[in-house]
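Report on the structure given below.
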């Protein structure tokens, strides 16, 4: 490899590692003011934002690989997790409850359940008290697979949260909630105008963070 190519690769790695640094992404401070911060404070904020990005990328990679392995989209996985939680709480899952949880129409919910049932992930059964309704249950095989992937990851996250002091948990909770409110206030909902789960799937893969950064830039 030529020296010029070596330099180009080093520059590319440097920029990739600096996508959360306002000195790189907003040097004229048109969006982010940072000249009132010391170098130490600014470096600490950048490290925090970089750590958040690393966690988000890792989480999206795991979610994408799990869905790909099970041949599911993001809404399918959300539906399965809801069904598992409801079954654990001895609460019957109806199509209406699932529709409310996923914020999609009845027609889209029926389409989703048809797809999951054909793939052997769920079964429909008569409702125990309402003869006009049916309930949805996850199959044992799919339940084991979801627990092996997403369930195990949740358990590991719980352990990380448990390792924090009560004061640190409160601080992290406030930070994440403030961050969520800021994000929801400034970014339109993905797939707005459509409640078809498949219409939103293009923004749920491991590269969605990069696409989001490109839109913001």
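Checked against the criteria, residue 10 counts as closer than 24 Å to residue 57 by Cα, modelled with pLDDT under 90 and part of a helix (DSSP H, G or I).
Just one of (1) surrounded by 12 or more Cβ atoms within 10 Å (Cβ to Cβ); (2) at pLDDT 90 or above; (3) assigned to a helix (DSSP H, G or I) fails for residue 124. It is (3). Set side by side, the residues 131, 169, 177 differ, and just one is in contact with a helix residue (DSSP H, G or I) (Cβ under 7 Å, 6 or more places away or on another chain) and farther than 22 Å from residue 75 by Cβ, which is 169. Among the residues in segment 139-161, are any touching a residue at least 24 places away in the same chain (Cβ under 8 Å) and touching a strand residue (DSSP E or B) at 6+ places or on another chain (Cβ under 7 Å)? No: zero hits. Inspection of segment 145-160 finds no residue satisfying the criterion of being over 14 Å from the mean Cα position of the chain (by Cα), assigned to a loop (DSSP other than H, G, I, E, B), at pLDDT 80 or above and loosely packed, with under 10 Cβ neighbours inside 10 Å.
Conditions (1) modelled with pLDDT of 90 or more; (2) surrounded by 14 or more Cβ atoms within 10 Å (Cβ to Cβ), marked per residue:
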position: 55; (1), (2): no, no
position: 58; (1), (2): no, no
position: 63; (1), (2): no, yes
position: 74; (1), (2): no, yes
position: 79; (1), (2): yes, yes
position: 83; (1), (2): yes, yes
position: 93; (1), (2): yes, yes
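Do the conditions hold for residue 80, that is, is it closer than 26 Å to residue 146 by Cβ and either assigned to a loop (DSSP other than H, G, I, E, B) or in contact with a strand residue (DSSP E or B) (Cβ under 7 Å, 6 or more places away or on another chain) (or both)? So residue 80 fits the description; yes. Looking only at segment 164-174, decide whether some residue is surrounded by 14 or more Cβ atoms within 10 Å (Cβ to Cβ), at pLDDT 90 or above, part of a helix (DSSP H, G or I) and under 23 Å from the mean Cα position of the chain (by Cα). Within segment 164-174, none of the residues are surrounded by 14 or more Cβ atoms within 10 Å (Cβ to Cβ), at pLDDT 90 or above, part of a helix (DSSP H, G or I) and under 23 Å from the mean Cα position of the chain (by Cα). Scanning segment 13-47 for residues that are surrounded by fewer than 11 Cβ atoms within 10 Å (Cβ to Cβ), assigned to a helix (DSSP H, G or I) and at pLDDT 85 or above returns 39, 40.
All conditions in (1) modelled with pLDDT of 90 or more; (2) out of contact with any strand residue (DSSP E or B) (no Cβ under 9 Å at 6 or more places or on another chain); (3) surrounded by 13 or more Cβ atoms within 10 Å (Cβ to Cβ) hold for residue 107, with the sole exception of (3).
Figure legend. Inter-residue proximity from segment 84-104: first residues under 12 Å from residue 134 (Cα atoms), second residues surrounded by fewer than 18 Cβ atoms within 10 Å (Cβ to Cβ), beta-carbon distance below 6 Å, spacing 6+ or different chains. Indicated pairs: 94/133. The C-beta contact set for segment 29-58 (first residue more than 19 Å from residue 180 (Cα to Cα), second residue at pLDDT 90 or above, distance under 8 angstrom, 6+ apart or interchain) comprises 34/42; 37/45.
Only residues that are touching a helix residue (DSSP H, G or I) at 6+ places or on another chain (Cβ under 8 Å) and free of Cβ contacts under 8 Å to residues at least 40 places away in the same chain were counted in segment 68-78, giving 1.
The values are calculated or read from the model by the stated rules, or taken from the named source; none is laboratory data. Keep in mind that this is a model prediction, so the values were computed, not measured. Don't worry about glycine lacking a Cβ; one is built from the backbone with ideal geometry, like all the others, and counts go over all protein chains shown.
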